[in-house]
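Data block below; observations after.
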Protein chains: 2
Amino acid sequence: MGTFAKNTDDTELALCAAFPTDLTMLLHAAAGRMTDDLDLAAVEMGLNDVRDWLVLAALDDGRQRTQLELSRVVCVDKTTLISVLDRLEKHELIVRSVDPSDRRVRIPQITSTGRKVYAKFAVARDVAEARALNGVDQAERALLLDLLARIADRQAAALPAS
Amino acid sequence: MGTFAKNTDDTELALCAAFPTDLTMLLHAAAGRMTDDLDLAAVEMGLNDVRDWLVLAALDDGRQRTQLELSRVVCVDKTTLISVLDRLEKHELIVRSVDPSDRRVRIPQITSTGRKVYAKFAVARDVAEARALNGVDQAERALLLDLLARIADRQAAALPAS
DNA sequence: CTCGGATCGTCTGGACTCGGACGATCCTAT
DNA sequence: ATAGGATCGTCCGAGTCCAGACGATCCGAG
């Protein structure tokens, strides 16, 4: 799925939308813009990726989760998740504790500083989204989110049928 | 930007949408679903990626383009584009001809078989999009595409300001 | 108790990505 | 004519991703 180039160009930016009728391309272009923006915000506060924040977000609800469960929740490969957790742990944003009832599994948990960084990033995300949707009224926003969710889910539901 | 895992899971599919209010995540999830679907269609007809098709699509309009121009149009790194073109050329879907007026540049051009493959893939794409938007009326579709385009473009326009 | 298989986290090998360097070619100024 | 610099396509090296292998650990059958 990671299939398209990062936008390092400064001049020729909007050309991803050269296929203005193609849903897939538009989705990619839009997602790419948001991600580029958020990646920037992420590195500013010591994170590495949007993924770093995504993992933090998943951990913020305080649920105890196996690394494997976590990797499934955030759609990050379990081996890749390891490097993410390593980095987060090094920065003391999370800790990995061993489940005493099953010594195979590690339970990653967010620390208080991790929670702070997460909150800080959350407002950056809100700003980015607000800017992206500037001038779009509430009903249209709701429709957009609903349609996106439907696309993401429907495809999933449609696959096992075929 | 290539930041999220491919969905090789069969069981836990819809969990990318575990953050149903987050625009960025939803965009990624939706784009991922479409791409997964189209990747499947791509390999079925001898292509490798959505990117392969994307390049073919860009070449299908018959405009003469430098490889560098092409890489900008489709948002693929110029070095990565080389491997794509190599593959397409090996499968005789394109040819690289040397511009006689500037022997530095190569002009990739789609062949007739390339055109055929492209057309075949286009219907697969239409089917996938139709399924994704099944039950969404015309006005809503138009709005969706418009909003996505706006997100993709507005961010680009907003960046140089900051 | 113990043995075989399942499941956890981690490691490793091969493939891919992309910034920077390179030769070839062009263009402009002198 | 030619030197210097810009621009093309390609190559290389460091970084990343992920399928599969691996040790550690758990659990159930006997």
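Could you list, in sequence order, all residues of the range B:123-162 that are more than 7 Å from chain A (Cβ to nearest Cβ), more than 18 Å from residue B:31 (Cβ to Cβ) and at pLDDT 90 or above?
B:123, B:137, B:138, B:139, B:142
Of the numbered conditions (1) within 12 Å of another protein chain (Cβ to nearest Cβ); (2) open to solvent by 40 Å² or more (accessible area, probe 1.4 Å), residue A:95 satisfies every one except a single condition; which is it?
Condition (1) is where residue A:95 drops out.
Out of everything in the range A:69-86 that is hydrophobic (A, V, I, L, M, F, W, C) and in a helix (DSSP H, G or I), what residue ends up being farthest from DNA strand C (Cβ to nearest atom)?
Pass one, the range A:69-86, residues hydrophobic (A, V, I, L, M, F, W, C): A:70, A:73-76, A:81-82, A:84-85.
Going one step further and asking which of them are in a helix (DSSP H, G or I), we end up with A:70, A:73, A:81-82, A:84-85.
Details: A:70: 7, A:73: 12, A:81: 8, A:82: 4, A:84: 10, A:85: 6 Å.
Out of the qualifying residues, it is A:73.
Considering each residue of the range B:90-99, count those that are near DNA strand D (Cβ under 9 Å from one of its atoms) and in contact with a Pro (Cβ under 8 Å, 6 or more places away or on another chain), and give that number.
Adding up the residues that qualify gives 1.
Would it be correct to say that residue A:136 is closer than 28 Å to residue B:152 by Cβ, open to solvent by less than 70 Å² (accessible area, probe 1.4 Å) and part of a loop (DSSP other than H, G, I, E, B)?
So residue A:136 fits the description; yes.
Would you confirm, using the coordinates I've provided, whether residue A:89 is open to solvent by 70 Å² or more (accessible area, probe 1.4 Å) and not in a loop (DSSP other than H, G, I, E, B)?
no
From the set of residues in the range A:55-81 that are farther than 22 Å from residue B:22 by Cα and within 9 Å of DNA strand D (Cβ to nearest atom), which is surrounded by the fewest Cβ atoms within 10 Å (Cβ to Cβ)?
Only one residue tops the list, namely A:79.
Test residue A:102 against the stated conditions and say whether it is within 12 Å of DNA strand D (Cβ to nearest atom), out of contact with any helix residue (DSSP H, G or I) (no Cβ under 9 Å at 6 or more places or on another chain), more than 10 Å from every other protein chain (Cβ to nearest Cβ) and not in a loop (DSSP other than H, G, I, E, B).
Values: within 12 Å of DNA strand D (Cβ to nearest atom): yes; out of contact with any helix residue (DSSP H, G or I) (no Cβ under 9 Å at 6 or more places or on another chain): yes; more than 10 Å from every other protein chain (Cβ to nearest Cβ): yes; not in a loop (DSSP other than H, G, I, E, B): no.
When the stated conditions are applied, residue A:102 does not pass them.
Which of the residues that make up the range B:98-120 are open to solvent by less than 40 Å² (accessible area, probe 1.4 Å) and closer than 26 Å to residue B:35 by Cβ?
B:108, B:110, B:111, B:114, B:117
So that you can scan it fast, the table gives a plain yes or no per residue for (1) modelled with pLDDT under 90; (2) not charged (D, E, K, R):
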position	(1), (2)
B:34	yes, yes
B:42	yes, yes
B:49	yes, no
B:59	no, yes
B:79	no, yes
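Kindly establish whether residue A:96 is modelled with pLDDT of 90 or more and not in a helix (DSSP H, G or I).
Values: modelled with pLDDT of 90 or more: yes; not in a helix (DSSP H, G or I): yes.
Against the criterion (modelled with pLDDT of 90 or more and not in a helix (DSSP H, G or I)), residue A:96 qualifies.
Just to be sure, is residue A:123 within 16 Å of the chain's Cα centre (by Cα) and open to solvent by 40 Å² or more (accessible area, probe 1.4 Å)? Give the derivation first.
Details: within 16 Å of the chain's Cα centre (by Cα): yes; open to solvent by 40 Å² or more (accessible area, probe 1.4 Å): yes.
In short, yes.
Filter the range B:57-68 for residues that are within 13 Å of DNA strand C (Cβ to nearest atom), farther than 24 Å from residue A:30 by Cα and either charged (D, E, K, R) or in a helix (DSSP H, G or I) (or both) and give the result.
Within the range B:57-68, the subset within 13 Å of DNA strand C (Cβ to nearest atom) is B:66-68.
Pick out the ones that are also farther than 24 Å from residue A:30 by Cα and you get B:66-67.
Within the range B:57-68, B:67 is the sole residue that qualifies.
The values are calculated or read from the model by the stated rules, or taken from the named source; none is laboratory data. Everything numeric in this text was worked out from a predicted model, so none of it was measured. Cβ: placed from backbone, ideal geometry, glycine included. Neighbour counts: every protein chain shown. Surface areas here come from the heavy atoms of the whole protein model, side chains and all, with no ligands, DNA or RNA. Shrake-Rupley method; radii C 1.70, N 1.55, O 1.52, S 1.80 Å.
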